[in-house]
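Notes follow the structure.
Please treat every number below as a calculation from the coordinates, not as lab data. Given the structure is predicted, the values throughout are model-derived calculations rather than measurements. Note that each Cβ is placed from the backbone with ideal geometry, even for glycine, and that neighbours are counted across all protein chains shown.
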Amino acid sequence: MRMNKIGRKFLAGMLISAMVLGTNPDANVLASGVQAGVSAELSTQEAAAQNTETAQNTETTTQTGATAGVSAMVSTLLTQVTENAGQDVTQDAQTQGDAQTDAQDASYVSENQIPEVQSEYADVAIAQVDNYVNVRAEANTDSEVVGKLYNNSAATVLATTEDGWYQITSGNVTGYIKCEYLVVGNEELAKEVSTRYATVTTQTLYVRSEPTTDASVLTMLPEGDDLVVTDESNDGWVKVTTEAGDGYVSTDYVTLSTEYVHAESKEEEEARLAKEEEEREAAAAAAAEKAQSSSKKKSESTSGSDTSAASTTAVVSNAESLSNGQAVANFACQFLGNPYVYGGSSLTNGTDCSGFVMSVYANFGISLPHSSAAMRSCGYEVSLSDIQPGDIVCYSGHVGIYVGNNTIISASTEATGIKYTSPVTYKSVISVRRIF
């Protein structure tokens, strides 16, 4: 049996008792020694002590009396020790039980308490500047510029320095911006500058007038199209905006996402500018070639030097107009009133909105995707205030061509076919893309 601290003290007391019995039979001295050791575990030692006392009964009468007194005292003390030890064991068991209960209570609270959920916008930073703010490699104005964060563009805050800079990441850019140029954790502003999209994941998506499959179909949209979400309060459905009007689509057939405008790295800016210049040159060359071809046909059908001179002047003028997109707008307008056909791309027999824009630009040697969502990445972005004829105007699930005078032409719906729409902002404009 394992001897604890109390047991060791009891053994020491017994040794002291034995020594005292050999020299002094005074019971008080022995009692003092016995009091040094207390343990319930050593009941066997009590029996041994009693046997020793019995053996000593053959000694003198004085010693026998002393031994008897000691034995009685030891017996009394051992009884007290046993009771105290029992109380200690009971108290220890109760303490352990209380500790176990406390641990169980703590575990229950930990598992069942409502955690504090941080807002998803807590570390979202929105640039509030006139045009853009530089993103720097280090937290000082002398360090290298690694990118630009344009007004109303978003970043994620990684850390804050003691001297007033945020370390941010946005798109492919990670660096530092002074705190004064960013608004952080403002949910209202973040929602205002972002766009919530529902991207079609099925071959043909029905947009319905109400959030139920029993409602009428407003329009159909192809796989890959992006729709701007305006309401998510109906379980299993989201309200979206389309050319045919606002309607509902099942969340089973779309992927929801939030899109911000992010920072542009130094390398991305250089690549974009080079691409824009290349596309302008290619478009101008294609336009000039088409103009020359058209001029050649006209000259072959006429005679006389005066007529030829006039045709040459017209070619030069036409080529100049083609380079800025006006020729695209003029070409598109001649198909006004032709039918709308879902999935079509024929300018005469029927086309949908992206098929219309694709086919118009194909006439000028420019290849575009048959997708209104994909067209948002074609060419390069221009502001609505700088819009020019020939620019592609992108909406939620729709796309058209700007023709001037605050008007677009587009393949709208089956009921209207190809038509003019004014103003350009008749619904929210997602992007304006310039090819020429």
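Site pair residue 348 and residue 276 shows an inter-label distance of 3.8 nm when each label is modelled 7 Å from Cα along Cα→Cβ. Among 377-385, 151-159, sorting by the average number of other beta carbon atoms lying within 10 angstrom of each residue, highest first, gives 151-159, 377-385. The H on the amide N of residue 417, modeled in the peptide plane, is under 5 Å from the matching H of 340, 412, each at least 5 residues off or on a different chain.
Classify the stretch 112-248 as rounded, prolate or oblate, taking a ≥ b ≥ c as the square roots of the eigenvalues of its Cα gyration tensor: rounded when a/c is under 1.5, otherwise prolate if a/b is larger than b/c and oblate if not.
On the way: a/c = 3.30, a/b = 2.10, b/c = 1.57.
Prolate.
Counted by Cβ distance under 15 Å from residue 145, the other residues give a net charge of -4, where Lys and Arg count +1 and Asp and Glu count -1. Suppose each label sits 7 Å from its Cα in the direction of the beta carbon; what would the residue 363-residue 159 distance come out to in nanometres? Once both label points are built, they end up 5.8 nm from each other.
Close amide H pairs (under 5 Å, H built 1.01 Å from N) link residue 165 with 179, residues at least 5 positions away or on another chain.
Under 5 Å from the amide H of residue 345 lie the amide H atoms of 352, each residue being 5 or more positions distant or on a separate chain, with H modelled from the backbone and absent for Pro and chain starts. Applying 0.36 nm per residue to the separation of residue 180 and residue 122 and subtracting their alpha-carbon distance, the gain on full extension is 19.2 nm. Shape analysis of the stretch 202-283 places it in the prolate category; the axes a ≥ b ≥ c from the Cα gyration tensor give an a/c of at least 1.5, with a/b above b/c. In the structure shown, the pairs 239/427; 178/266; 191/427; 191/239; 148/178; 148/427 are assessed against 20 Å; a Cα-Cα span above that value is assigned to 148/427.
For the stretch 426-435, backbone phi angles converted through the Karplus equation (6.51, -1.76, 1.60; θ = phi - 60°) give residue-by-residue couplings of 4, 8, 4, 8, 7, 7, 10, 10, 10, 9 Hz, Gly and Pro being listed as x. Computed from phi, the 3J(HN,Hα) profile of the stretch 119-136 under the Karplus parametrisation 6.51, -1.76, 1.60 (θ = phi - 60°) reads 4, 5, 9, 4, 10, 8, 10, 10, 6, 10, 9, 5, 9, 8, 10, 6, 9, 10 Hz, with x in place of Gly and Pro.
Placing a label point 7 Å from the Cα of residue 216 along the Cα-to-Cβ direction, the residues of the stretch 242-269 whose backbone N falls under 20 Å from that point are 242-250.
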